[in-house]
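*Asks:* A single structure is presented below for examination.
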Amino acid sequence: MPTPEPGECPQALTTLPEPARAWREKVRDFCRRSVAPRARAMDVAGRLDEGLVKELFDEGLMGIEIPEVYGGSGGDLFQVVLAIEEIARHDPAAAVFVDVQNALVVSALLRHGSGDQKRRHLPRLAGGQVGAYAISEEHAGSDAFALETRAEQRDDGFVINGRKRWITSAAEAGLFLVFARTETGPPGAAPGLGAFLVDRDTSGLSIGEPVPKMGIRASSTCEVTFDGVRVDRGSLIGRPGDGGVLMVETLDIGKLGIAAQLVGLADGALTHALRHAEEREQFGTRIIDFQGVQFPLARTAAELEAARVLLYNTARLLQNGAPQAERIKATSMAKYIASAVAERAASQAVETLGGAGFAGEHPVEKLYRDAKIGSIYEGTSNVQFKTIASLLTRRRDGTGARPDREHPRNDSEFRKG
Ligand SMILES: Cc1cc2nc3c(=O)[nH]c(=O)nc-3n(C[C@H](O)[C@H](O)[C@H](O)COP(=O)(O)OP(=O)(O)OC[C@H]3O[C@@H](n4cnc5c(N)ncnc54)[C@H](O)[C@@H]3O)c2cc1C
């Protein structure tokens, strides 16, 4: 970092350069127009508005990092973070829809896909096709590497059998990035996974009804069953056995996206709480004049700032290619902190609004329900602690092991984040 000249103010990490600021303003405007007015109705309906889905594609928000030559926005990872954050201020359900598309599916293809796979899939993903990312199964939640879905190799490709659960955007998805076991061996062994690109209309693939949920209700979450699903060799990203590494690396960006969703949610909650506290009068004065109302909001503001700095710092680490162990630790920390801050911010917002916050009509009631998923998906908070702790102890265990020089391929501590 260059030393500032005397009298020159050093830039804060949260002071965005002009292109990023312009992008954030564009997304912010879009969210005011198109996301905020639909959020409540979509939550009640339990599904995303088709008009909004179309607009998200038209605005370039579903292919942010996809190069313009493939019809995308040609943006960067920081823009993905800013977009998810802005959308989540109004609707965390729409934000996770954008997150899975950009931070998991597109990101995996861009960073690990072959030229053919990029040419085939990226234009579709930029132009209207929704992507979903499928790891979890009945016996493979936190222990993602225990997944049992199998991909048996045949002369002309693979045959996939198994059942995935909790798959975000499955109701809308046209393309599934599916993790399956490509080698025989006991479940739980890290090697032997493959990552497959499977079209929705492939024979043998079926999608269950969306499960009812406490929050992010407009985001679909479904079981996806693979019953003798035949895919060609070109559907496999990398080689058989590369799936474990791909999973760890894509989930890093996934965790960053979820941290962005939760920072946005906390910001939305604080904004609502402040607005209400400045308008509502009791005992002959605005309630914001009471210290008892000010202090919790001050705490929320301080925690939000800390979570956002951590988020942006983590985004920069990932964007600038920091060593793997540093990235993994940073994304686990950012996701854990953001989830805790979002839960507290949403809870405080409900209390600040009193009865109006508890009633179903106000956005903070929804934000409170939406916040809970943050400490569960893409690795529970305990899984984040496990990851962080493993990196701390490896630095201190006297073996001389340097996490940034090692590969997590066979390390169960790097399991699903
Ligand atoms: C709304 C929603 C959307 C989702 N979207 C997707 C998706 O798109 N794709 C996908 O593949 N998956 C998805 N998931 C799955 C999600 O990632 C898992 O739910 C999550 O990883 C936790 O797994 P689990 O639910 O099986 O809980 P479990 O793993 O059974 O955990 C239960 C509890 O045990 C704790 N625990 C488990 N192991 C340990 C340990 N070693 N040490 C300490 N504590 C531990 C956990 O922290 C948790 O508190 C989604 C889930 C939900 C609810």
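The values are calculated or read from the model by the stated rules, or taken from the named source; none is laboratory data. Because the structure is a prediction, the values reported are computed rather than measured. Here the Cβ is made from the backbone with ideal geometry for all residues, glycine too, and neighbour counts use every protein chain on show. These area figures cover heavy atoms from the full protein model, side chains too; ligands, DNA and RNA do not enter into them. Shrake-Rupley method; radii C 1.70, N 1.55, O 1.52, S 1.80 Å.
*Asks:* Considering the chain as a Gaussian network with a 10 Å cut-off on Cα pairs, which listed residue, I337, I216, I207, attains the greatest mean-square fluctuation?
*Replies:* I207
*Asks:* Using Cα pairs closer than 8 Å and at least 6 residues apart in sequence, work out the relative contact order for the chain, in percent. Present the calculation step by step, with values, prior to reporting the outcome.
*Replies:* Working: 771 pairs, mean separation 68.8, N = 417.
It rounds to 17 percent for the chain.
*Asks:* Moving on. Among T225, T14, T250, determine the one that fluctuates most according to a GNM of the chain built with springs between C-alpha atoms less than 10 Å apart.
*Replies:* T14
*Asks:* Let me ask you something else. So for the chain, what percent of the C-alpha to C-alpha distances run longer than 34 Å?
*Replies:* Tail of P(r) above 34 Å: 30 percent of Cα pairs.
*Asks:* Viscosity 1.002 mPa s, temperature 20 °C: what is the translational diffusion coefficient of segment 1-125 from Stokes-Einstein with a Kirkwood Rh over Cα pairs, rounded to a whole number of µm²/s?
*Replies:* Values: Rh = 15.8 Å.
Roughly 136 µm²/s, to the nearest whole number.
*Asks:* For segment 87-238, what value does the Rg/Rh ratio take when both radii are computed over Cα atoms and Rh is the Kirkwood radius, given to two decimals?
*Replies:* Values: Rg = 15.0 Å, Rh = 15.7 Å.
Value, to two decimals: 0.96.
*Asks:* Show me 312-323, 74-85, 357-368 ranked by packing, highest mean number of other Cβ atoms within 10 Å first. It would help to have the intermediate numbers written out before the result.
*Replies:* Working: 312-323: 17.8, 74-85: 24.5, 357-368: 19.7.
By packing density, highest mean first, the sequence is 74-85, 357-368, 312-323.
*Asks:* Cβ under 12 Å from R280's Cβ, R280 left aside: what net charge do those residues give with Lys, Arg +1 and Asp, Glu -1? Could the numbers behind the result be given before it?
*Replies:* Working: positive: R275, R286; negative: E278, E279, E281, D289.
That works out to -2.
*Asks:* When the accessible area of the chain is computed with all protein chains present and a 1.4 Å probe, what percentage of it is carbon and sulfur?
*Replies:* Values: 9140 of 17940 Å².
So the carbon and sulfur contribution to the accessible surface is 51 percent.
*Asks:* Cross-link candidates for K118: which aspartates and glutamates have Cα within less than 14 Å, leaving aside residues fewer than 8 places away along the same chain?
*Replies:* Straight-distance partners of K118: E65, E68.
*Asks:* Let me ask something additional. For the chain, with every protein chain kept in place, what is the accessible area per residue (1.4 Å probe, Å²)?
*Replies:* I get 43 Å² per residue for the chain.
*Asks:* How big is the C-alpha Rg of segment 235-303 next to the rule-of-thumb value 2.2 N^0.38 Å, as a ratio?
*Replies:* Numbers: Rg = 21.6 Å, N = 69, 2.2 N^0.38 = 11.0 Å.
That ratio works out to 1.96.
*Asks:* Of the residues R32, R230, R394, which exhibits the maximal mean-square fluctuation in a Gaussian network model of the chain defined by a 10 Å Cα contact cut-off?
*Replies:* With Cα springs under 10 Å in the chain, the top fluctuation among R32, R230, R394 is at R394.
*Asks:* Go through K54/K164; K335/K386; K26/K372; K335/K372; K213/K372; K329/K386 and tell me which ones have a Cα-Cα distance over 18 Å in this structure. Let's see the in-between values first.
*Replies:* Working: K54/K164 27 Å; K335/K386 13 Å; K26/K372 28 Å; K335/K372 13 Å; K213/K372 11 Å; K329/K386 10 Å.
K54/K164; K26/K372, as the Cα separations exceed 18 Å there.
*Asks:* Can you order the peptides 371-382, 43-54 by their average number of other Cβ atoms within 10 Å per residue, highest first? Each step should come with its number before you reach the end.
*Replies:* Numbers: 371-382: 20.8, 43-54: 15.7.
The densest-packed peptide leads the list: 371-382, 43-54.
*Asks:* Now a separate question. Which shape class applies to segment 240-389: rounded if a/c is under 1.5, otherwise prolate when a/b exceeds b/c and oblate if not, where a ≥ b ≥ c are the square roots of the Cα gyration tensor eigenvalues? Numbers along the way, then the final one.
*Replies:* Numbers: a/c = 3.35, a/b = 2.39, b/c = 1.40.
Because a/c hits 1.5 or more and a/b exceeds b/c, segment 240-389 counts as prolate.
*Asks:* Given the convex hull over the Cα atoms of segment 67-141, what projected area results after averaging over all orientations, in nm²?
*Replies:* On the way: hull surface 23.7 nm².
Mean shadow area of the hull around the Cα atoms is 5.9 nm².
*Asks:* Another question, if that's okay. Could you tally the net charge around E152, taking each other residue with its Cβ under 11 Å from the Cβ of E152, Lys/Arg +1 and Asp/Glu -1?
*Replies:* On the way: positive: R150, R154, R181, R230; negative: E183.
Residues near E152 contribute +3 overall.
*Asks:* Membrane-span-like helices in the chain: DSSP H runs reaching 30 Å or more (Cα, own axis), mean Kyte hydropathy at least 1.0?
*Replies:* Span-like helices, by this rule, are absent here.
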